[in-house]
Amino acid sequence: MAITIYNTLLRDKQEFKPIEDGKVRMYVCGPTVYNYIHIGNARPAIVFDTVRRYLEYKGYQVDYVLNFTDVDDKIIKRANELGEDVFAVSNRYIDAYLEDVTRLGVKKATHNPRVTNTMQEIIGFIDSLVGKGYAYVSDGDVYFKPRAFDGYGKLSHQSIDELRSGARIQIGEKKDDPLDFALWKGAKEGEISWDSPWGKGRPGWHIECSAMAKKYLGETIDIHAGGQDLTFPHHENEIAQSEANNGKSFANYWMHNGYININNEKMSKSLGNFVLTRDLLENHDPNVIRFFMLSVHYRHPINFSEELLESAKNSLERIITSYQNLEHRKVSSTNLDKKGQEWLDKIDVYKQRFEVEMDDDFNTANAISVLFDLTKEANVYLNQDHTSDKVITRFQEMIHGFLEVLGVTIQNEESLLDEEIEVLIVERDEARKARDFTRADEIRDLLKDKNIILEDTPQGVRWKRG
Ligand SMILES: [Zn+2]
């Protein structure tokens, strides 16, 4: 079965056909790194990682690029407030981003380019646009002229005149038309800057993605993805820059994820209802957060509340309990009678059902329903008098395989229970008091092997799962 993707460019679903057989070139717009990420940033990280996982499940080799905007107005402002170097700020929040999303089960990207490491390609790209007449130099700045590009507005489905009426020239901008946008900004006094043919300065935001996509994936890519809020102007501008310069279609499929609301309200600075991913991870299992995010189709808005997260936790526990019940019933018999074969055939139907849902624009919400039905079926099977390990294993493989596509991991049977950890911590503490450092270190290493991180605080030892 073929995958269909809702393509924002067409406002319709379309069969997915990659440029090259068996390979997918995918670009996802990453964060501007001036703070810890909130859960609105975690959503695209999780949903597009799931898209990638499913494409890999279907046998594609996926080149996945996610950029870091590591120099821009917000980062410079933040660095000034903190009295720090721009690089110190951006490096800290890049590390924090990677730490957060890794805990959420997001696979490592093939490439994570940064603006400051792509400067030559960005400058070359701008220079080429100036040469081709799509951009002009104005007193140390360089601006792109959307009016020179036929097709501006095609992604956000707006005419150039509609867009013109909403555009304004900001103070300090030296452009001819309010629609024009900056490719290069001349340096202000005391700001970090790079040399260019137009004098010292730094790139505008949009140009980095055009330059990075070209550098790592080529002139035409398969999938370009990001949050719905990026459709205009960011993605519209990326298309204009890339297609004007390369003379080719930029991305064949444009995917956008929906917003996150907090307790049915829009998440905003003024409402003070920002939820940092990091804070959420302090108190919740990352698997539950991920499972919650995927319980709604990626294009729909998702409402976040502690109650909904709790309900996701209960749902996931039901699946995991079913998996563990299967495990406990093993070693009975491997003989497969006629009934056993019928069960195997029955289980295979769930694989098809799961794929039908995921093929349909990555409908994780429905795919999770299939997973529930499968675990119900497993519970029915375990009520039989005679079970076969072969059937049990097939159930487990299927549950495990679906969860892997969703990026949710089942905690290993050998992992420690909270109570066992507490006991070991007390034992280690006593060993240290008795100056038995060998035993204390042994316990520390044992916990480390099980991915338990210990922190010595003035209030005593605290621990968390790594
Ligand atoms: Zn971008």
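The values are calculated or read from the model by the stated rules, or taken from the named source; none is laboratory data. A quick note: this is a predicted structure, and the numbers were derived from the prediction, not measured. No Cβ is skipped: glycine too gets one built from the backbone with ideal geometry, and neighbour counts run over all protein chains shown. The area values use the complete protein model at the heavy-atom level, side chains included, leaving out ligands, DNA and RNA. Shrake-Rupley method; radii C 1.70, N 1.55, O 1.52, S 1.80 Å.
Couple of notes before you dig in:
- Picking from residues in the stretch 106-120 that are of a type outside the set (Ser, Thr, Tyr) and open to solvent by 20 Å² or more (accessible area, probe 1.4 Å), the one that is nearest to LYS200 (Cα to Cα) is GLN120.
- Qualifying residue in the stretch 422-440 (condition: under 30 Å from GLU377 (Cβ atoms) and charged (D, E, K, R)): no
- Screening the stretch 65-75 for residues that are open to solvent by less than 10 Å² (accessible area, probe 1.4 Å) and within 14 Å of the ligand (Cβ to nearest atom) and picking the one that is farthest from GLY218 (Cα to Cα) gives ASP70.
- Of the residues making up the stretch 99-111, those that are closer than 23 Å to ALA213 by Cα and touching a residue at least 12 places away in the same chain (Cβ under 8 Å) number 6.
The rows are residues; the columns are (1) β-branched (Val, Ile, Thr); (2) in the same structural domain as SER388 (by TED's automatic domain parsing).
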| position | (1), (2) |
| --- | --- |
| ILE289 | yes, no |
| PHE304 | no, no |
| ASN335 | no, yes |
| VAL349 | yes, yes |
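- Complete set of residues in the stretch 204-228 that are within 18 Å of GLU121 (Cα to Cα) and open to solvent by less than 10 Å² (accessible area, probe 1.4 Å): GLY204, ILE207, GLU208, CYS209, SER210, ALA211, MET212, ALA213, ILE221
- Residue check: ASN283 meets all listed conditions (1) closer than 21 Å to VAL296 by Cα; (2) within 21 Å of the chain's Cα centre (by Cα); (3) modelled with pLDDT under 95 but one, namely (1).
- Looking across ILE410, ILE399, ILE392, ILE347, one residue alone is open to solvent by 10 Å² or more (accessible area, probe 1.4 Å) and β-branched (Val, Ile, Thr). It is ILE410.
- Considering only residues in the stretch 242-287 that are touching a Phe, Trp or Tyr at 6+ places or on another chain (Cβ under 6 Å) and within 30 Å of GLY124 (Cα to Cα), the one that is nearest to the ligand (Cβ to nearest atom) turns out to be SER242.
- Counting the residues of the stretch 208-230 that are β-branched (Val, Ile, Thr) and either touching a Cys at 6+ places or on another chain (Cβ under 8 Å) or within 11 Å of the ligand (Cβ to nearest atom) (or both) gives 0.
- Residue that is nearest to ASN41 (Cα to Cα) [pool: residues in the stretch 77-93 that are among the aliphatic types (A, V, I, L, M) and under 25 Å from the mean Cα position of the chain (by Cα)]: VAL89
- Residue count for the stretch 188-207 satisfying the condition of being small (Gly, Ala, Ser) and either within 16 Å of the ligand (Cβ to nearest atom) or touching a residue at least 40 places away in the same chain (Cβ under 8 Å) (or both): 4.
- Tally of residues being more than 16 Å from the ligand (Cβ to nearest atom) and among the polar types (S, T, N, Q) across the stretch 1-60: 5
- Selection within the stretch 413-462: residues that are of a type in the set (Lys, Arg) and either touching a helix residue (DSSP H, G or I) at 6+ places or on another chain (Cβ under 6 Å) or surrounded by 12 or more Cβ atoms within 10 Å (Cβ to Cβ) (or both). The member of this set that is modelled with the lowest pLDDT is LYS450.
- Hits in the stretch 350-377 (condition: open to solvent by less than 10 Å² (accessible area, probe 1.4 Å) and of a type in the set (Asp, Glu)): ASP359, ASP361
- SER210 being within 28 Å of LYS174 (Cα to Cα), in a helix (DSSP H, G or I) and touching a residue at least 40 places away in the same chain (Cβ under 8 Å): yes
- Condition broken by LEU336, with the remaining ones in (1) over 30 Å from PHE274 (Cβ atoms); (2) in contact (Cβ under 8 Å) with a residue 12 or more places away in the chain; (3) in a helix (DSSP H, G or I) satisfied: (3)
- Checked against (1) out of contact with any helix residue (DSSP H, G or I) (no Cβ under 8 Å at 6 or more places or on another chain); (2) over 20 Å from ASN112 (Cβ atoms); (3) within 11 Å of the ligand (Cβ to nearest atom), HIS235 passes all but a single condition, namely (2).
- Residue in the stretch 122-145 that is part of a loop (DSSP other than H, G, I, E, B) and within 16 Å of the ligand (Cβ to nearest atom) present: no
- The criterion of being over 18 Å from ILE410 (Cβ atoms) and either outside the structural domain of TYR253 (by TED's automatic domain parsing) or modelled with pLDDT under 95 (or both) holds for TYR381.
- Filtering the stretch 159-168 for residues that are in the same structural domain as VAL28 (by TED's automatic domain parsing), open to solvent by less than 60 Å² (accessible area, probe 1.4 Å) and not in a helix (DSSP H, G or I) leaves a non-empty set.
- Out of ARG92, ARG103, sole residue that is within 30 Å of LEU183 (Cα to Cα) and either among the basic types (Lys, Arg) or away from the ligand (no atom under 16 Å from the Cβ) (or both): ARG92
- Subset of the stretch 90-103 [surrounded by 20 or more Cβ atoms within 10 Å (Cβ to Cβ) and closer than 27 Å to VAL408 by Cα]: TYR93, TYR97, ASP100, VAL101
- Any helices (runs of 4 or more DSSP H) falling wholly within the stretch 383-464 and containing at least 2 residues that are over 30 Å from LYS351 (Cα atoms): 418-433, 437-449
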